[in-house]
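Okay, structure first, notes after.
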Protein chains: 2
Amino acid sequence: MWKIVEETFNPEKQHHKETVFTIGNGYLSTRGAFEERFPAEMRATFLHGVFDDAPVVFTELANAPDWLELDIFLAGEHFRLNQGTLLSFTRTLDLRTATLTRDLRWRSPRGRETHLVFERFASLAEEHLCMVKATIRPENYSGRVEVRAGLSGEVDNLKLKHWDWVAQGVRAQEAWLQVKTCATKIELSAAMKLSMTVPGQRSHLTRLDVQNHPALAVSSNIKSGETATVLKWFTQYTSRDVKNPLKDSRRALQKYLLQDWAQLWEAHRKAWESEWERSDVIIEGDDEAQLAVRFNIFQLLIAAPRHDEHVNIGAKTLSGYGYRGHAFWDTEIFMLPFFIHTRPEIARNLLSYRWHNLPGAREKAKANGFLGAQYPWESAGTGEEVTPTWVPNPADRTSLIRIWTGDIEVHISADISYAIWKYWQSTGDESFLLERGAEVILETARFWSSRAEWNEELGRYEINDIIGPDEYHDHVDNNVYTNALACWNLKTALDLYSWLKEEHSSAWKKLNRRIRFNEKELEKWRHVIEHLYIPFDSQTKLVEQFEGYFQRRDVNLAKLEPRTNSVQALFGIEGANETQVLKQPDVLMLMYLLPDLYDHETLLVNYAYYNARTDHTFGSSLGPSIQAIMACKANDEGAYVHFIRAARADLFNVRNNAGDGIHGASAGGLWQAVIFGFAGLEHTSAGWMTHPHLPEGWTRIAFKIVDHGKELHFDVKKAF
Amino acid sequence: MWKIVEETFNPEKQHHKETVFTIGNGYLSTRGAFEERFPAEMRATFLHGVFDDAPVVFTELANAPDWLELDIFLAGEHFRLNQGTLLSFTRTLDLRTATLTRDLRWRSPRGRETHLVFERFASLAEEHLCMVKATIRPENYSGRVEVRAGLSGEVDNLKLKHWDWVAQGVRAQEAWLQVKTCATKIELSAAMKLSMTVPGQRSHLTRLDVQNHPALAVSSNIKSGETATVLKWFTQYTSRDVKNPLKDSRRALQKYLLQDWAQLWEAHRKAWESEWERSDVIIEGDDEAQLAVRFNIFQLLIAAPRHDEHVNIGAKTLSGYGYRGHAFWDTEIFMLPFFIHTRPEIARNLLSYRWHNLPGAREKAKANGFLGAQYPWESAGTGEEVTPTWVPNPADRTSLIRIWTGDIEVHISADISYAIWKYWQSTGDESFLLERGAEVILETARFWSSRAEWNEELGRYEINDIIGPDEYHDHVDNNVYTNALACWNLKTALDLYSWLKEEHSSAWKKLNRRIRFNEKELEKWRHVIEHLYIPFDSQTKLVEQFEGYFQRRDVNLAKLEPRTNSVQALFGIEGANETQVLKQPDVLMLMYLLPDLYDHETLLVNYAYYNARTDHTFGSSLGPSIQAIMACKANDEGAYVHFIRAARADLFNVRNNAGDGIHGASAGGLWQAVIFGFAGLEHTSAGWMTHPHLPEGWTRIAFKIVDHGKELHFDVKKAF
């Protein structure tokens, strides 16, 4: 179960399938668009960290010069799937080798039939190398086959251009292009070479040196039944990577030209073999689940920066325009556990990104009148807040919609500290904690100590006017998830402070030169920890999601079925706000992250209450996987329904927005659902233990995790 | 005085000079960017009516595939002015022949010196033809000279792309490209041919068929001191013009290829000769004024649609991105008089555009709860309102600025009727009035009858909460300009109605089938005309611009000098609103348009009052030319200061925004200032008379106008 296979080409599903057939190597990802193009495609290649300014969304990953382009002319006829007849079609993504293959037979408008096979990979062994191959076999004609391929600097992001031309060249051995992002001035240089091999024939090479689109063409005469093999080598570097991207990309090209497809692919395959050795999860008894889990792990692996600690993973990974490459808490809470437990080096890179961006978070806290570091809700290249503030209203072009998350969805600062703590607990990476992690935890604690508002009348601290994870309710007071995480952040910082001072005084001194900590702050911290209001009704054991939530209108969700839209879309933003319906369950999320806060009975009571009030189908894509885990904990047989909803999010396009890119948090949550839900992995005083809740039909779950550098194997089998 | 000459190239003035050196033929205009490109250029070609959707501004003229492109390689070195050394440089726009020439000597980074001359014209004789020529003379080397030129579909509007690729081809005789606007689906097809002639040498042609940028290359060996002549023929059609733009552009190319540069240019030159014969204004005794007036007339002529009655002239003509090609009252009140009196066929086209767009104006009236037709403040392809509603706030990215003109700057509906009436008076074009003009005048009158609000208490009609021409004051009540023009519109409609019924009953019946006029409406019209409040203080003879204006804070403008910014920029939008400072003088404008409303003494009193309170330097670019006329009427010697400010608006970039495009209203106003101000042309019972107010130094103004098809010559000379 390693192959995602598409047997028919349906242009209406084009964008969805482009997302599904995305490949990548942690440096870039490329959507599954066709080499020869197709009308209305959303062709895109995104490189980590290559952001440029854009209206409304402030900044976005700039779609990079395309490496796939192959324009094919068959005896003079231009090969295009929107013309002629498609006689057969299979597209296959092999997850094990991260290789995309398209095998098709096409009849041209003039009746020429050709068998074409396309293969591509973005090398995991050499992240600056991408390769594409086409084999072309005329079936009922002989004639000249020509393939043109270039490097176009004219790419755009949904019509917005991000690149200025700098220079280019075309030689017999290569074409190269140097461009620069318009606002952020990131240089990108790419080089390519094209070859055609036809047994017994000489192929001809032409240089096509056209402004901002340098290209090469190869052609040869070919007889019916014979095969032409076309290879395209592509290399690229940016000024984020090296000092002289042009020199390095041209040099890399010359180096890789010494190897053929088989050699380059073998190195790539081997790299993936070792990747899967550490990360694979084996599920027996449920083929769909097995394939879906691997597909989602694959999405995490191709988006994971292996050699760059200045970038994060966007909510839609690198696979689409959704959220423009901006990173949210999706990384720390949903995706990071997979990396912490299988690829801690990558988790370290991702958390280091947050540390590097402390200046942006400090700036935001300061601008809002707070201490310490307030992380942006949406974060991109520089760590400043990049959540759009106003977006067009599709229903009325004279008005705009205000997006509040960037202003008041504050829990992310605690989520980041939480993730750092989890990383530290699992890895014991002391140098990271001392040099980077502690600074984030202390600075976010500072933020919370100043963000909490003292209510003189009630003698308590409150955190008011915010948005919790459940975004159907905004401008709420004392959201329990936020308050509890803030309190945890302060407590953890307090302990950390003592530990640092006592056991790592020289590291503390170094750190304190940066943060200039005043002992008096501790008093305030303790006061906030003791008096921060965290709603709980000890009688009913119900945890009220935020103050006044229980007074909101209760809606019988079953009565809205069947529906094809979210409750927010049905009721409107204000309408949904007035109900108890949740986009995702804050209280259960809190119980998942901080299980020691509540006893099992409380968990059961709240599971029953909130499960019935959550928009599972069209609410947040972050919800289902966590819901599956909590269902396991509550012994609810509905766990699999939630799990499979997350598993299908992108493969089946269940939310109709897979075309915008992979739901990264859902992918990360799916891994957690298998490991912490169905396998029931738990860290106890006796070490890691599993408490399996295997779904019906599942006979086995096998996986590995790394704990303090040691690989642990787990093999959970159904007892018959 | 026919030539605009630039003797040095200053990259900092690049955008300003691109505007100044714009050429065009009434079908398209092309900014004066360099054939070989230059970094940060704002290269653009705009075709009338080729609008496409865009964020914020709703719709904009789509920058069309570039026809200028010439990439020149001199013995392998890429010719670019941002490299090497510029040894000499002259750029000349010959207004008489609408030909742009650039003559330069360049030393390459490797020391090769070349003399290059570029010439271009957009044929006025054949509006689908554009020609560019380069002559290249190596001065201190011999070698291969290569020129590559193509058709790029990858053009953008300040980074926003508007074109989807459809098809392309490259043959020895031509390259062609077919593209389509993304949202509005307007097809554009262009074809081109490239040739190189070197005496005694064979030149070599290469085809460069690269996706979305089909190109040709010509090359030849050339000896030091010899000259290569490169010609590029370019033709284009859109689906706005013909059914099959691709066929027509390719056919046209083949036709024009039978002629050489000299023949094609001669036809173009002749067309301009006849243009100037009708439109030229001779000024003696002031060379700067002579050249500036011709430059501004030239701008009107190249923007004037000669064969298209479905388009208008944008506020920035076709010469830049400012206002995105949208048309305002600038056309009817400022530019149209020039066309009415010299090229009435063009005036007819422009007014027909408004008639064709009546459906949009009716829609707007209806949406706002009014009768008849309410014209959009900004109008583009369809006649719907396209004024942006919200624009980014450069000072604070979390907030936006609301633009109110599209909602409440209502005077444009009367301005359009006024222009139609003026056209009719001057041309006697009865068929236009009966079939088109009357419908607009009656429908706008209907609008005013419903827009006027009855004030029971004061027993009068009012027009409240609007913006008058003076945009420093918004949300004002009873703006005198608006109320008086509305009243004029109603009165004119009333007279027109009687005349139609009595003298053109069959035309009236036909018209009435469309507008379904109810006789009862006349009562309401008469009631509004009699009771519409038009502020006037018979004691002081002061006309209050709007109710409460005299209570606003009076500012001594002299005390703000010297300044480099508008009063609105200095005081803020709200701050300026609270003062009496004007962006342009509504009351004087009214006295100019409807001179019979007030006696001469009233004019003098109000001239003195408002002249002192107008932001002449950085207020509206529409102000100075009208101010010059009113100064003549008031015998104020300041007239010339206002005139020369308008004359220099674009040539000297006095407002620092000439890079956004030509100030079309200022250009039209300048012609009016000379004719109705300095020459003092007036229509009296005895016919057209001049009452000259020649500025100091001027010895002669000579010009022609057309009256009812008859050409009248005027030659005003200073009496010594």
Selection from region B:634-644 of residues assigned to a helix (DSSP H, G or I) and closer than 22 Å to residue B:556 by Cα yields B:639, B:641, B:642
Of the listed residues (B:428, B:437), the one being more than 30 Å from residue A:391 (Cβ to Cβ) and in contact with a His (Cβ under 6 Å, 6 or more places away or on another chain) is B:428
Of the conditions (1) closer than 22 Å to residue B:113 by Cα; (2) more than 14 Å from chain A (Cβ to nearest Cβ); (3) modelled with pLDDT of 95 or more; (4) surrounded by fewer than 24 Cβ atoms within 10 Å (Cβ to Cβ), the single one that residue B:199 does not satisfy is (3)
Of the residues in region A:672-709, those that are buried (at least 21 other Cβ atoms within 10 Å of the Cβ) and of a type in the set (S, T, N, Q) come to A:672
When (1) under 25 Å from residue B:39 (Cβ atoms); (2) within 14 Å of chain B (Cβ to nearest Cβ); (3) of a type in the set (Val, Ile, Thr) are applied to residue A:238, the one that fails is (2)
Within region B:131-167, the residues that are more than 30 Å from residue B:58 (Cα to Cα) and of a type in the set (A, V, I, L, M, F, W, C) are B:131, B:132, B:134, B:136, B:145, B:147, B:149
Looking across region B:663-720 at residues that are free of Cβ contacts under 8 Å to residues at least 40 places away in the same chain and of a type in the set (Lys, Arg), the single one that is nearest to residue B:326 (Cα to Cα) is B:710
The condition from (1) in contact with a strand residue (DSSP E or B) (Cβ under 7 Å, 6 or more places away or on another chain); (2) part of a loop (DSSP other than H, G, I, E, B); (3) under 29 Å from residue B:379 (Cα atoms) that residue B:49 misses is numbered (1)
Expected single match for surrounded by 13 or more Cβ atoms within 10 Å (Cβ to Cβ), in contact with a strand residue (DSSP E or B) (Cβ under 7 Å, 6 or more places away or on another chain) and under 28 Å from residue B:422 (Cα atoms) among B:472, B:481, B:533 is B:533
Residue set B:207, B:250; condition within 14 Å of chain A (Cβ to nearest Cβ), among the basic types (Lys, Arg) and either farther than 27 Å from residue B:24 by Cα or surrounded by 20 or more Cβ atoms within 10 Å (Cβ to Cβ) (or both); output residue B:207
Note on region B:565-618: residues touching a helix residue (DSSP H, G or I) at 6+ places or on another chain (Cβ under 8 Å), farther than 13 Å from residue B:471 by Cα and among the charged types (D, E, K, R) are B:613
In the set B:175, B:191, B:215, the lone residue that is surrounded by 22 or more Cβ atoms within 10 Å (Cβ to Cβ), more than 14 Å from every other protein chain (Cβ to nearest Cβ) and of a type in the set (A, V, I, L, M, F, W, C) is B:191
Of the candidates A:496, A:500, the one satisfying the condition of being in contact (Cβ under 8 Å) with a residue 12 or more places away in the chain, more than 30 Å from residue A:465 (Cβ to Cβ) and either assigned to a helix (DSSP H, G or I) or not β-branched (Val, Ile, Thr) (or both) is A:500
Out of (1) crowded, with 18+ Cβ neighbours inside 10 Å; (2) touching a helix residue (DSSP H, G or I) at 6+ places or on another chain (Cβ under 7 Å); (3) modelled with pLDDT of 95 or more, the one residue A:716 does not meet is (2)
(1) within 21 Å of residue A:35 (Cβ to Cβ); (2) surrounded by fewer than 24 Cβ atoms within 10 Å (Cβ to Cβ); (3) among the aliphatic types (A, V, I, L, M); (4) more than 35 Å from the chain's Cα centre (by Cα) all hold for residue A:155 apart from (4)
Quick count over region B:669-699, residues being small (Gly, Ala, Ser) and either in contact with a Leu (Cβ under 8 Å, 6 or more places away or on another chain) or closer than 21 Å to residue B:624 by Cβ (or both), is 6
Note on region B:268-284: residues surrounded by fewer than 16 Cβ atoms within 10 Å (Cβ to Cβ) and either free of Cβ contacts under 8 Å to residues at least 40 places away in the same chain or not in a strand (DSSP E or B) (or both) are B:270, B:273, B:274, B:277, B:278
Given (1) touching a strand residue (DSSP E or B) at 6+ places or on another chain (Cβ under 8 Å); (2) more than 10 Å from every other protein chain (Cβ to nearest Cβ); (3) not in a strand (DSSP E or B), residue A:42 misses just (1)
Of the residues in region A:62-76, those that are within 13 Å of chain B (Cβ to nearest Cβ) and outside any loop (DSSP other than H, G, I, E, B) come to A:71, A:72, A:73
In the set A:345, A:384, A:332, the lone residue that is part of a loop (DSSP other than H, G, I, E, B) and among the charged types (D, E, K, R) is A:384
Residue count, region B:158-172, condition more than 8 Å from chain A (Cβ to nearest Cβ) and either at pLDDT 95 or above or buried (at least 20 other Cβ atoms within 10 Å of the Cβ) (or both), comes to 8
Note to self: Being farther than 30 Å from residue B:40 by Cβ, aliphatic (A, V, I, L, M) and in a loop (DSSP other than H, G, I, E, B): is that true of residue B:631 here?
What the structure shows: no
Residue A:88 meets each of (1) polar (S, T, N, Q); (2) farther than 30 Å from residue B:399 by Cβ; (3) within 14 Å of chain B (Cβ to nearest Cβ); (4) not in a loop (DSSP other than H, G, I, E, B) with one exception, condition (3)
Per the list (1) out of contact with any strand residue (DSSP E or B) (no Cβ under 6 Å at 6 or more places or on another chain); (2) closer than 22 Å to residue B:410 by Cβ, residue check on residue B:504 breaks on (2)
Next item on the list: Say whether the condition of being in the same structural domain as residue B:329 (by TED's automatic domain parsing), closer than 27 Å to residue B:335 by Cβ, in contact (Cβ under 8 Å) with a residue 40 or more places away in the chain and acidic (Asp, Glu) is met by at least one residue in region B:621-639.
Entry: no
Only one of A:373, A:414 is surrounded by 24 or more Cβ atoms within 10 Å (Cβ to Cβ), touching a Ser or Thr at 6+ places or on another chain (Cβ under 8 Å), in a helix (DSSP H, G or I) and among the aliphatic types (A, V, I, L, M), namely A:414
Restricting attention to region A:558-592, the residues that are under 26 Å from the mean Cα position of the chain (by Cα), surrounded by fewer than 18 Cβ atoms within 10 Å (Cβ to Cβ) and among the hydrophobic types (A, V, I, L, M, F, W, C) number exactly 1
**Study point:** Filter pass, residue B:334 being hydrophobic (A, V, I, L, M, F, W, C) and within 20 Å of residue B:652 (Cα to Cα)
**Key:** no
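The values are calculated or read from the model by the stated rules, or taken from the named source; none is laboratory data. All figures in this text were calculated on a predicted structure; none of them were measured in a lab. Methodologically, a virtual Cβ is constructed for each residue, glycine included, from the backbone with ideal geometry; neighbour enumeration extends over all protein chains shown.
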